[in-house]
Protein chains: 2
Amino acid sequence: MQLTRAHVEQFERDGYLFFPSLFSPAEMQVLLDEVPRLYSERRPENVRERGSDAVRTNFAAHMYSAPFARLARHPRMVEPAVQIFGEPVYMHQFKINGKMAFDGDLWQWHQDYGTWKNDDLMPEARAMNVAIFLDEVNEFNGPLMFIPGSHTLGVLEAEHDVTTTSYPLWTINHDTIAKLVARGGLVAPKGPSGSMILFHSCLVHASTANLSPWNRVSVYLSLCAVSNHIRRFKRPEYIAHRDFTPIVCLPDDCLLKDYEVSLPWRDGTPAAALQPALAG
Amino acid sequence: MQLTRAHVEQFERDGYLFFPSLFSPAEMQVLLDEVPRLYSERRPENVRERGSDAVRTNFAAHMYSAPFARLARHPRMVEPAVQIFGEPVYMHQFKINGKMAFDGDLWQWHQDYGTWKNDDLMPEARAMNVAIFLDEVNEFNGPLMFIPGSHTLGVLEAEHDVTTTSYPLWTINHDTIAKLVARGGLVAPKGPSGSMILFHSCLVHASTANLSPWNRVSVYLSLCAVSNHIRRFKRPEYIAHRDFTPIVCLPDDCLLKDYEVSLPWRDGTPAAALQPALAG
């Protein structure tokens, strides 16, 4: 998977790229079949919605689920990031965001790099999100909303919001959002299961609650240039990984064949990965 | 304003009709200019969002605001309801719903007639909503979502939800919504300021929070056939009116000319209108 020159220019201008139906229904089914088991587990990696048992986000499934461990090494997801950064990448964060039917709560306006910088001391915005839709994303199930071009302003001032949802987030104030939208507008890419989005870690984004009867499960690989690894281990390892080994991709058919992958957390999260540590 | 036979058939089948840009920008501006003053008033008719000073809904502005008193007698809004019911209508409820930028909270899945029946003892579903968009409604500012055809099932079982938002509502459970959507799908009419929606009082609807920087103010006339007037005055009069006098329409240009209208609550809400009463 190589981005064209036009893709790269579009990414630099808008801060995101959208590839509808990049993965096949059969590839997505392998992952969808695994989600209920993962979400039903009582492990710290499952963060549930406020006042509900629905999973808001599952962390680090690539450490204990074979299908997701393969996805974490998928060339269609990893190679574009390597190309953009011009160096190998490692997995900074791996999330399966639920946005479940009826229960999926909103995500406030934020930049991911704001958190990675503030909490993890990641030196530069040389990390990005590569997301795939396991379910169809439509206008009713809380699609991601982007402010195109907002990544070009770098890190914006943010406040730590620990009350609105079940997950603390560095969020951007309303005046700033209004100005950014007046300048760049809003977009909400929608498409079938198997669609992929790449977006810059400074791109400002949000999503509303899902009041529809349709789940909107998406997987986010947060890929960081190896030289740009985090310097502080303040958050637990299952949220912000400390293994900076470059990702080695599997073949392109890795969701459909049982390639061998290591699953170091298969029998549970190691105690060290649950704890903060003092230095990076 | 007369509905065609095709309109009436569509209304009977789907439960709603949508008329984009039925009112002109000049007509809408007269109303938009009045909203900030109404929303800034400290009177019981302004219900504010949970944890915010933003107005969620303003009741009964037609009793104390000249532009909205004229809108309440507008032939484009009132005549279709008279036509559908085949008899005069009175104003059961009059609302200016804010759904303000950033602060506008969601409305859970509900039927309006569920509340009118349970709380107000309205005998039949011979009342309907006629709504106009004062602001553009787009995919980002929390459009109304309808389940087409859901009105044909009559009154559905509902539970009184007094915790999710600042306004108590009889809401429909998730299993029922999932079944209704599997049968009828979902629609969210979007359009410019001045667009009008008519919908059946049993049509199941909801809307998500507005995370965008754009207000989504809409006005709802809940028009009830006079013979179908409410039988219990449990809710304050500013929420469920007790004057069953048929509405007499003004001319079609009534938003642009200063036709005389009475404003009985101009100097404040009468004490009797704030109180529940025992019988209708």
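Against the numbered list (1) over 30 Å from B:His174 (Cβ atoms); (2) without any contact (Cβ under 8 Å) to a residue 60 or more places away in the chain; (3) of a type in the set (Phe, Trp, Tyr), A:Tyr39 comes up short only at (1).
For segment A:154-182, a tally of residues being over 16 Å from A:Lys117 (Cα atoms) and open to solvent by 60 Å² or more (accessible area, probe 1.4 Å) returns 7.
Looking across segment A:192-215 at every residue that is more than 12 Å from every other protein chain (Cβ to nearest Cβ) and either over 18 Å from the mean Cα position of the chain (by Cα) or open to solvent by 10 Å² or more (accessible area, probe 1.4 Å) (or both), the one that is nearest to A:Gln108 (Cα to Cα) is identified as A:His200. When restricted to residues that are under 13 Å from the mean Cα position of the chain (by Cα), within 13 Å of B:Pro189 (Cα to Cα) and assigned to a loop (DSSP other than H, G, I, E, B), segment B:110-139 contains 0.
Given the criterion touching a helix residue (DSSP H, G or I) at 6+ places or on another chain (Cβ under 9 Å) and of a type in the set (Lys, Arg), identify the matching residue among B:Arg13, B:Arg42, B:Arg50, B:Arg56. Spell out how you get there, then give the answer.
Numbers: B:Arg42 fails: touching a helix residue (DSSP H, G or I) at 6+ places or on another chain (Cβ under 9 Å); B:Arg50 fails: touching a helix residue (DSSP H, G or I) at 6+ places or on another chain (Cβ under 9 Å); B:Arg56 fails: touching a helix residue (DSSP H, G or I) at 6+ places or on another chain (Cβ under 9 Å).
Exactly one residue qualifies, and that residue is B:Arg13.
If we only count strands (runs of 3 or more DSSP E) wholly inside segment B:140-256, which ones have 3 or more residues that are within 22 Å of A:Ser52 (Cα to Cα)?
The strands (runs of 3 or more DSSP E) meeting that bar are B:159-161, B:169-171.
Test A:Asp103 against the stated conditions and say whether it is touching a residue at least 12 places away in the same chain (Cβ under 8 Å), closer than 24 Å to A:Pro143 by Cβ, of a type in the set (Asp, Glu) and open to solvent by 10 Å² or more (accessible area, probe 1.4 Å). Write out each step before concluding.
Details: touching a residue at least 12 places away in the same chain (Cβ under 8 Å): yes; closer than 24 Å to A:Pro143 by Cβ: yes; of a type in the set (Asp, Glu): yes; open to solvent by 10 Å² or more (accessible area, probe 1.4 Å): yes.
Against the criterion (touching a residue at least 12 places away in the same chain (Cβ under 8 Å), closer than 24 Å to A:Pro143 by Cβ, of a type in the set (Asp, Glu) and open to solvent by 10 Å² or more (accessible area, probe 1.4 Å)), A:Asp103 qualifies.
Every residue, every condition in (1) within 14 Å of chain B (Cβ to nearest Cβ); (2) in contact with a Lys or Arg (Cβ under 6 Å, 6 or more places away or on another chain); (3) of a type outside the set (Ser, Thr, Tyr), yes or no:
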{"position": "A:Ser24", "(1), (2), (3)": "no, no, no"}
{"position": "A:Glu27", "(1), (2), (3)": "no, no, yes"}
{"position": "A:Arg37", "(1), (2), (3)": "no, no, yes"}
{"position": "A:Val47", "(1), (2), (3)": "no, yes, yes"}
{"position": "A:Arg50", "(1), (2), (3)": "yes, no, yes"}
{"position": "A:Ala54", "(1), (2), (3)": "yes, no, yes"}
{"position": "A:Phe68", "(1), (2), (3)": "no, no, yes"}
{"position": "A:Arg76", "(1), (2), (3)": "no, no, yes"}
{"position": "A:Asp105", "(1), (2), (3)": "yes, no, yes"}
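The values are calculated or read from the model by the stated rules, or taken from the named source; none is laboratory data. The model shown is predicted, which means the values in this text are computed figures rather than measured ones. In this analysis, Cβ positions are derived from the backbone assuming ideal geometry, glycine residues included, and neighbour counts consider all displayed protein chains. The accessibility values were calculated without ligands, DNA or RNA, using every heavy atom of the protein model including side chains. Shrake-Rupley method; radii C 1.70, N 1.55, O 1.52, S 1.80 Å.
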